[in-house]
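> Next up is a structure, given as structure tokens.
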Amino acid sequence: MAVLLTGGAGYIGSHTCVELLAAGYDAVIIDNFSNSSEKVLERIREISGRSVVCYNADVCDESALRRVFSENKIDCVVHFAGLKAVGDSVKHPLEYYQNNLCATMTLLKVMNEFDVERIVFSSSATVYGVPKSTPIREDADRWCTNPYGWTKYMSEQIISDTAKADGNMSAVLLRYFNPIGAHESGRIGEDPTGIPNNLLPYITQVAVGRREHLNVFGNDYNTHDGTGVRDYLHVVDLAKGHIRAIEYAQKNTGVIAVNLGTGNGFSVLDIVKAFERATGIRIPYKIAPRRPGDIDACYADASLALEKLGWKAELSIDDMCRSAWNWQKNNPNGYGE
Ligand code: NAD
Ligand code: WQD
């Protein structure tokens with residue numbers, strides 16, 4: 001029995017693949033490499049000593065998906081595939097709706113044809129929009145502020161309705177907070193194209209000399225030091241959360257939404273200091289205007305993940321910074337030459 005990872009060559013998918021292989025699962029990947037490199041596959045093999053079947057294909061391509069399901073005995077799908085840049089989704093909304101929703105619907109359709117009943121979905125804390133209070137529980141109001149977020153909101157709905165219509169289905173909607181860091185080997189990690197949108201990749205590119213300084217987007221937020229507060233979690237902890245979710249899906253039917261976060265909030269300046277402490281490298285920064293759409297604080301109530309999945313984050317902010325730096329310094333240009 002194998003687990004199919006859509007978008008398994010990406011940042012979170014590749015780390016999850018490594019953890020799945022280490023836990024004894026077989027893994028199959030389908031990825032169109034629109035935001036990843038085929039080099040990831042060799043690195044996964046190197047770390048785990050095991051190989052992975054990979055299809056270079058689009059999840060929106062029904063016949064390609066049929067081929068994947070007919071050539072492999074798939075027990076469960078972890079659906080990572082999707083476009084994920086918030087700002088880009090505002091500029092190109094149709095591209096995001098087309099890719100992300102089409103992928104979710106085509107996948108569900110073909111899963112149904114092959115009687116595959118279990119799905120773990122990569123959702124996001126972005127579905128909480130501007131939270132009324134923190135920490136955020138799974139039953140908090142949901143409302144999105146950008147097309148990317150709406151694709152997660154709508155995919156959650158599409159998956160939930162499909163699972164409800166089929167009493168045997170099990171769907172775990174994982175709402176990730178802010179994944180950062182990299183595998184301890186330094187062989188796989190986050191490799192954004194162009195100027196990084198997210199904080200940690202920007203910091204590591206400053207550290208490696210690819211950028212001059214960090215722009216801190218706003219210091220007048222309602223937080224302990226005025227900079228935005230988020231719930232950063234180690235991507236390896238996050239990857240392990242998927243294994244717990246697969247186990248849950250094997251034992252339960254129905255739909256559940258679960259936050260994956262640490263439950264702790266750190267500000268931008270906390271992260272800068274933590275990175276400097278963990279690596280000994282100074283990160284020059286300038287205070288810049290607020291980034292449109294950003295919120296004061298966003299962190300999880302992580303208790304449901306512990307109660308239902310038996311999962312909690314274990315690695316520290318120092319571990320996250322150290323591993324992110326280990327990846328960046330060993331791969332200054334990511335997977336590129
Ligand atoms: P990523 O871009 O590194 O990985 C996504 C992968 O999906 C890429 O390898 C890309 O090539 C592939 N892909 C995209 N569309 C595809 C399609 N139609 N067919 C086949 N492959 C396709 O992103 P990630 O950070 O690993 O995120 C994984 C998932 O988790 C995404 O759905 C993302 O929205 C979600 N998520 C990410 C974060 C984060 O901060 N990284 C937070 C919350 C949720
Ligand atoms: C974190 C903090 C910024 C960059 C985004 C998506 C969300 C989810 C995770 C997918 C904020 C500040 C950042 C920089 C900065 N992805 N910052 N200078 O915005 O919490 O979440 O990624 O689902 O949907 O919106 O993460 O890493 O972009 O920002 O000061 O150069 O760092 O203002 O306070 P965010 P982020």
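The values are calculated or read from the model by the stated rules, or taken from the named source; none is laboratory data. Fair warning: this is a prediction, and the values are worked out from it, not measured in the lab. Every residue, glycine as well, gets a Cβ built from its backbone with ideal geometry; the counts of neighbours run over all protein chains shown. Just so you know, the surface numbers come from the protein's heavy atoms only, side chains and all, with ligands and any DNA or RNA stripped out. Shrake-Rupley method; radii C 1.70, N 1.55, O 1.52, S 1.80 Å.
> Among the residues of region 294-331, how many are surrounded by fewer than 14 Cβ atoms within 10 Å (Cβ to Cβ) and in a loop (DSSP other than H, G, I, E, B)?
Matching residues across region 294-331 total 2.
> Considering each residue of region 243-256, count those that are crowded, with 19+ Cβ neighbours inside 10 Å and either aliphatic (A, V, I, L, M) or out of contact with any Gly (no Cβ under 7 Å at 6 or more places or on another chain) (or both), and give that number.
Taking region 243-256 first, the residues crowded, with 19+ Cβ neighbours inside 10 Å are 243-246, 248-249, 255-256.
Keeping just the survivors that are either aliphatic (A, V, I, L, M) or out of contact with any Gly (no Cβ under 7 Å at 6 or more places or on another chain) (or both) gives 243, 245-246, 248-249, 255-256.
Number of matching residues: 7.
For every residue, the table says whether it meets (1) hydrophobic (A, V, I, L, M, F, W, C); (2) in contact (Cβ under 8 Å) with a residue 12 or more places away in the chain; (3) within 11 Å of ligand 2 (Cβ to nearest atom); (4) crowded, with 21+ Cβ neighbours inside 10 Å.
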residue	(1), (2), (3), (4)
R175	no, yes, yes, yes
T193	no, yes, no, no
A207	yes, yes, no, yes
L214	yes, yes, yes, yes
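> Of everything in region 227-277 that's within 17 Å of the chain's Cα centre (by Cα) and acidic (D, E), which residue is nearest to A22 (Cα to Cα)?
Ranking the candidates gives D237 first.
> On to the next question. Go through region 98-138 and give me each residue that's of a type in the set (G, A, S) and not in a loop (DSSP other than H, G, I, E, B).
Going residue by residue through region 98-138, those that are of a type in the set (G, A, S) are 103, 122-125, 129, 133.
Passing the criteria: A103, S122, S123, S124, A125.
> Kindly indicate whether V28 is near ligand 1 (Cβ under 7 Å from one of its atoms) and either more than 20 Å from D191 (Cβ to Cβ) or part of a strand (DSSP E or B) (or both). Lay out the reasoning, then the answer.
Numbers: near ligand 1 (Cβ under 7 Å from one of its atoms): no; either more than 20 Å from D191 (Cβ to Cβ) or part of a strand (DSSP E or B) (or both): yes.
Answer is no for this residue.
> Restricting to region 139-156, give me the number of residues that are open to solvent by less than 30 Å² (accessible area, probe 1.4 Å) and either in a helix (DSSP H, G or I) or not hydrophobic (A, V, I, L, M, F, W, C) (or both). Write out each step before concluding.
Here is the first cut: in region 139-156, the residues open to solvent by less than 30 Å² (accessible area, probe 1.4 Å) are 144, 146-149, 151-152, 155-156.
Next cut, either in a helix (DSSP H, G or I) or not hydrophobic (A, V, I, L, M, F, W, C) (or both) only: 146-149, 151-152, 155-156.
Residues meeting the conditions: 8.
> List the residue pairs whose Cβ atoms are under 6 Å apart, where the first residue sits in region 219-236 and is on the phi < 0 side of the Ramachandran plot and near ligand 2 (Cβ under 8 Å from one of its atoms), the second is open to solvent by 10 Å² or more (accessible area, probe 1.4 Å) and of a type in the set (D, E, K, R), and the two are 6 or more positions apart or on different chains.
Going by the 6 Å Cβ cut-off, the qualifying pairs are Y221/D296; G228/D294.
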